[in-house]
Amino acid sequence: MISVRLDGNMEEQLNKLAKATNRSKSFFIKEALKDYLEDMKDILEAKERLSSPKRELIMVDELKFLSRS
C-alpha cells in the first residue's frame, strides 16, 4: 500500500470528480498513474532509440511515400 499527500486544490478536484462520476478516488489515481507510467515508458524508449548507434533514419519524402502505400 502507498500513501500520497495531495495539495488542497488537487484533493478538492479529485473529490468533486469522484462524487460526480460515482467512482472512487482510488480509481482515478490508479488510472492517472497507469497513463503516466505508460507515457514515461514511451519517452524512455524514444530516448533510447535516439541514442542508439543502430537507429535507422528515413527522409521525410520516404515517410510520405510509405504513408500513401
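The values are calculated or read from the model by the stated rules, or taken from the named source; none is laboratory data. Worth saying up front: this structure is predicted, and the values here are computed from it rather than measured. Positions of Cβ are backbone-derived with ideal geometry, glycine not excepted, and every protein chain shown enters the neighbour counts.
Only residues in region 1-18 that are among the polar types (S, T, N, Q) count as the first member; pair them with residues that are surrounded by 10 or more Cβ atoms within 10 Å (Cβ to Cβ), Cβ under 8 angstrom, at least 6 apart or cross-chain, and list the lot.
Cβ pairs passing all conditions: Asn15/Lys25.
Within region 24-57, how many residues are part of a loop (DSSP other than H, G, I, E, B) and either modelled with pLDDT of 95 or more or surrounded by 10 or more Cβ atoms within 10 Å (Cβ to Cβ) (or both)?
Residues flagged as part of a loop (DSSP other than H, G, I, E, B) and either modelled with pLDDT of 95 or more or surrounded by 10 or more Cβ atoms within 10 Å (Cβ to Cβ) (or both) within region 24-57 amount to 1.
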